[in-house]
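Down below is the structure, laid out as C-alpha cells.
The values are calculated or read from the model by the stated rules, or taken from the named source; none is laboratory data. This one's a predicted model, so the numbers in the text were calculated from it and none came from an experiment. Neighbour counts are summed over all protein chains in view; Cβ atoms, including those assigned to glycine, are modelled from backbone coordinates with ideal geometry.
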Amino acid sequence: MVISSKPVTDLTEDEARAELEQLALDIHYHNKRYHSEDAPEIADADFDLMVRRNQDIETIFPHLIRLDSPSHQVGAAPGAQFTKRRHHVPMLSLSNAFDDAEARDFDHRVKRFLNLSPEENFAYSVEPKIDGLSISLRYENQQLVAGITRGDGIEGEEVTANIRTISDIPQQLQNCDLEIAEVRGEIFMTKADFQALNMAQEKKGGKVFANPRNAAAGSLRQKDASITADRPLRFFAYAAGEMSAWKVTSHHDYLDQLKRWGFKINPYSHRAETIAEALEHYRVIESARPDLDYDIDGVVYKVDRLDYQNRLGQVSRSPRWAIAHKFPAEKAETRILGIDIQVGRTGALTPVARLAPVTVGGVVVSNATLHNEDYIKDKDIRVGDLVQIQRAGDVIPQVLSVNASIRDGQETPFVYPKLCPSCGSPAIRPEGEAVRRCVGQLSCPAQLLERLRHFVSRDAFDIEGLGAKIIAELHQDNLLKEPADIFRLSEHKAALSKRAGWGEVSVNNLLAAIEQRRQIPLERLIYALGIRQIGQATGLLLARHFGSIDQLMATAEAAIGQDNAAWEEFIGIDQIGDSMAQDLIRFFHDDHNRLALMRLLDQITVIPPEAVATNSPVAGKTVVFTGTLSQMSRAEAKAKAELLGAKVAGSVSAKTDYVVIGADAGSKARKAAELGLTILDEDAWIALTQASSSE
Ligand code: IVH
C-alpha cells in the first residue's frame, strides 16, 4: 500500500477513519506474512512506517481507535537465530478435556489402563494451566547449564543466556545433590507488567505486543540477552525432564522438592484425593481466574503417583497420566463479509467465512471455519449475516449460529460449488459423506501446493523459510513441482538470488535449511507424504512396523486385491483399520505418487526409526494378546510390549511369535494352538518382560 503523505493534523475525521481501517487490514496482513508464514512481502522499514502512521492518527483521533487496531496486536520480536538442541527427554503436550464429562472420561481411561475398579480412588495433582511458553532447564551438579525452549517437543532452541536473566530461575539448586536434574515449567509475564511494557514500547516507537504470552515469547527470543534482562519475565516450575535419580514418589512431593530447590510453584497447585475433588478445585481456580495477575487457559490434572505415571506412559505426544481441562471458549459477534472455498491437500473443499475482524479472547479473528456444505445449509448461514463465533484455545475459530432476527434482506444465500474453484475439475461428494472433494489430484494446483506446504511443515520436513508464498512463487516459476524439486533448488541458486526481494543471504539461509533436512527420520517422511488419514501417530506406527520405506511400499503394492497376506499384515497392525489400509494402498498404487517418491528418495537419506529396545527377548517379535489379563489391562500390556520393541498385532497368523492368553481366551487361542505358536500365560509373559526391563 502507499502511505498517505498528508500530515495527520490535516486529516478530516472521515479520512482518518478510512485510513485507520485500511491500515488495520494491511498491517494485520503483513504481520501475518512476517510472523506466521515467514514470508514478508515488504521491507521492515516500510512496515514500521505503517505502524507509525497508524499510531500518529490514533494519537490525534483517539475516539476512532478500532477494536482491531494493530497497535494492540503487532507481534513478537523478529525471529532471531538460535541453536537447535535436542531434548534428552521429549517435551510432551497435553490432550484436552472441554467439560466435566470429558475429565471424568479421562479418569475412567486411567483406571481402565491400570486395571483398577471404577470405584477405586487415587489422588490427582491439580494446577492452573499457565498461558506462557514452556522451557526445559538443565542442571548438572546443581549448576544451571542450559535452557531450551519446547520447539516441536523433540528439539527446541537454546536460550541459556536469556533465561539466566530471569530472577525466578535459580542459577544453582539449593538442597539438591543430584548429578542431573531437568526442571520444566512456564515462562510468563504478568498482565500489569505487560501493560507497562506496551506503554513504554509505544512511547519509544517500539513493537507493541498483542498479549502477555506474545510479549513473554518476544522478550525471551532476543539475540541480545540484555534486552531480555530488562523485561519482567517470571517462571513457575511444574514438571521434570531427565533426572539422574528420583527422591520422591508423587508429583505433589516433587513440587515440594522444587520449592526446596529454590523454584516458585503456582500457589493454586492442590492435591485432590478423587476426580470429584479435582473438579471442585477446577471451580476454585476458575473463579480466581479474573483476579489473577497472569493468564491461564485451563486446569491441568496429573495422576499424583509417579509409579502410576510410569506405567501409564504416553500415547503419541501426550502423557496418558495428565490432561488439560480447558476453560469454556470465548465468543463474539461479527458479520460475514464473504465465504471462500479452500481446497486442502486431499482435495477436500472447506468453506471459510471471511469476517469483519473482531477481538475474541485477546486475538483478532478474521476467518472462521464453516466445516462443510451441510453446516451452511442446516444453519442457513448467508453472506452478510451477523453471526456468533467462538474461539477455543488454539482451535480454528468457528461460526456457531446466525442472528437471523435482524436480517435486512441484503443477505445472500451461499451456492456451494460443484466444481473445484482451483482447477475446475468436478468436486464429488460420495453418498453418505459430508465432504466434497476435487478429483483433480496433482493436476489441481491447490492440492499440489497444499501437499508441498504439508511436506515442509513443522512436523514433517520442517524446512524453515519455505512458506506458502515462496512455495507458490517457485511453483509459478516451474522450479517446484514436486517434493524432490526442493532438494534440487541449490542447482538454481543464481536464478533464486535474482528474484525480486530475495538477497544472497536469504537464499543461502533457505538452501542451508534444506540441506539440513536431507536426512529425515522414516516416521517424518511417511507423515510428510500427506496420505489421507495418515497423521503423525500412524506415521510412527508404520515406521516402527515396517522399518523402511521400501518395505512399506512393497507391502502396500502386494496388498492390492485385499485377499492376500500383505493385506492381512496391514490390518493386523493394531490401530490400522480397513479404511486406513485402503488409503495407504491407494496412495502407493498411484503411479505418479510412486515415481515422485522414487525421485525424492534419490535426494534424501531416510533414518530408520529408533529401535525402542533391541536387547530385549521380545524386540522385533510379533505378539498377540487375547482373553482377560488379571494384573494389568490389555492397553498397558500392549504399551509395555511396544516399549520393549515388540509389535502388537490384533489377529493371530503364522507370523505371530507369542500369543499371550488371559482368562476366557476364545478363537485366537485355538488358532494359535492349531498353528503351533508359542503360547504364554500372563505370568510367563510378565516374567519375560521383566527379564527384559532389568537388562
Ligand atoms: S505439564 C507431560 N503443567 O501446557 C506434561 N503443562 O499442552 C507436560 N502448561 O507445553 C506439561 N501449565 O507449556 C503442565 N501446570 C502445567 C502447565 C503446563 C501450562 C503448558 C506447557 C505445555 C502445554 C501442554
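Of all residues assigned to the range 183-190, at least one qualifies as being under 19 Å from Asp230 (Cα atoms), aliphatic (A, V, I, L, M) and out of contact with any His (no Cβ under 8 Å at 6 or more places or on another chain).
Considering the range 533-617, the qualifying helices (runs of 4 or more DSSP H), each wholly inside and each with 1 or more residues that are closer than 27 Å to Arg488 by Cα, run over 536-546, 549-558, 578-589, 591-603. Pairs are defined by a Cβ separation below 7 Å, a sequence spacing of at least 6 or placement on different chains, a first member in the range 183-195 that is without any contact (Cβ under 8 Å) to a residue 24 or more places away in the chain, and a second member that is within 15 Å of the ligand (Cβ to nearest atom); the pairs so defined are Phe194/Pro212. Quick one: Phe188 ticks every box in (1) out of contact with any strand residue (DSSP E or B) (no Cβ under 8 Å at 6 or more places or on another chain); (2) over 30 Å from Asn121 (Cβ atoms) bar one, so which box is it? Going through the list (1) out of contact with any strand residue (DSSP E or B) (no Cβ under 8 Å at 6 or more places or on another chain); (2) over 30 Å from Asn121 (Cβ atoms), Phe188 breaks only (1). Note on the range 60-83: among residues that are of a type in the set (Gly, Ala, Ser) and more than 21 Å from the chain's Cα centre (by Cα), the one that is modelled with the highest pLDDT is Ser69.
Counting residues that are within 14 Å of the ligand (Cβ to nearest atom) and within 20 Å of the chain's Cα centre (by Cα), which strands (runs of 3 or more DSSP E) fully inside the range 84-191 reach at least 3? Even if it seems obvious, please write down each step before you answer.
On the way: elements: 84-86, 124-130, 133-140, 143-149, 155-157, 180-188.
Of the strands (runs of 3 or more DSSP E) lying wholly inside the range 84-191, those with at least 3 residues that are within 14 Å of the ligand (Cβ to nearest atom) and within 20 Å of the chain's Cα centre (by Cα) span 133-140, 180-188.
Does Ala543 count as touching a Leu at 6+ places or on another chain (Cβ under 7 Å) and either surrounded by 15 or more Cβ atoms within 10 Å (Cβ to Cβ) or within 26 Å of Val456 (Cα to Cα) (or both)? Answer is yes for this residue.
Which residues, counting only those in the range 250-286, are exposed (fewer than 13 other Cβ atoms within 10 Å of the Cβ), more than 16 Å from the ligand (Cβ to nearest atom) and outside any helix (DSSP H, G or I)? Answer for the range 250-286, where residues must be exposed (fewer than 13 other Cβ atoms within 10 Å of the Cβ), more than 16 Å from the ligand (Cβ to nearest atom) and outside any helix (DSSP H, G or I): just Glu273. The combined condition, being without any contact (Cβ under 8 Å) to a residue 40 or more places away in the chain and not small (Gly, Ala, Ser), is not fulfilled by Lys655.
Which ones in the range 287-344 are within 30 Å of Ser422 (Cβ to Cβ) and either within 13 Å of the ligand (Cβ to nearest atom) or of a type in the set (A, V, I, L, M) (or both)?
Of the range 287-344, the ones within 30 Å of Ser422 (Cβ to Cβ) are 334-344.
Passing the criteria: Ile336, Leu337, Ile339, Ile341, Val343.
Going by the structure shown, is Glu642 assigned to a loop (DSSP other than H, G, I, E, B) and closer than 29 Å to Glu557 by Cβ? The answer is no for Glu642.
Does Arg345 fit the bill of being within 23 Å of the chain's Cα centre (by Cα), within 30 Å of Leu542 (Cβ to Cβ) and of a type in the set (Lys, Arg)? Before you say what the answer is, go through the steps one by one.
Numbers: within 23 Å of the chain's Cα centre (by Cα): yes; within 30 Å of Leu542 (Cβ to Cβ): yes; of a type in the set (Lys, Arg): yes.
Spelling it out, Arg345 is indeed within 23 Å of the chain's Cα centre (by Cα), within 30 Å of Leu542 (Cβ to Cβ) and of a type in the set (Lys, Arg).
Could you tell me which of the residues Arg518, Arg532, Arg488 is in contact (Cβ under 8 Å) with a residue 40 or more places away in the chain, of a type outside the set (Asp, Glu) and crowded, with 16+ Cβ neighbours inside 10 Å? The unique qualifying residue is Arg532. Number of residues in the range 552-564 that are surrounded by 14 or more Cβ atoms within 10 Å (Cβ to Cβ) and at pLDDT 90 or above equals 7. Which residues, counting only those in the range 229-247, are within 16 Å of the ligand (Cβ to nearest atom) and out of contact with any Leu (no Cβ under 6 Å at 6 or more places or on another chain)? Within the range 229-247, Leu233, Arg234, Phe235, Phe236, Tyr238, Ala239, Ala240, Gly241, Glu242, Met243, Trp246 meet the criteria. You will find that of Asp224, Asp152, Asp168, the residue that is surrounded by fewer than 23 Cβ atoms within 10 Å (Cβ to Cβ) and either modelled with pLDDT of 90 or more or touching a strand residue (DSSP E or B) at 6+ places or on another chain (Cβ under 7 Å) (or both) is Asp168 and no other.
Of the residues in the range 649-658, at least one is over 18 Å from Gln314 (Cα atoms), buried (at least 18 other Cβ atoms within 10 Å of the Cβ), modelled with pLDDT of 90 or more and not β-branched (Val, Ile, Thr).
All of Ala500, Ala495 fail the test of being at pLDDT below 95, of a type in the set (A, V, I, L, M, F, W, C), farther than 20 Å from Ile549 by Cα and assigned to a helix (DSSP H, G or I), apart from Ala495. Every listed requirement among (1) part of a loop (DSSP other than H, G, I, E, B); (2) within 23 Å of Thr149 (Cβ to Cβ); (3) more than 29 Å from the chain's Cα centre (by Cα) is met by Lys207 save one, (3).
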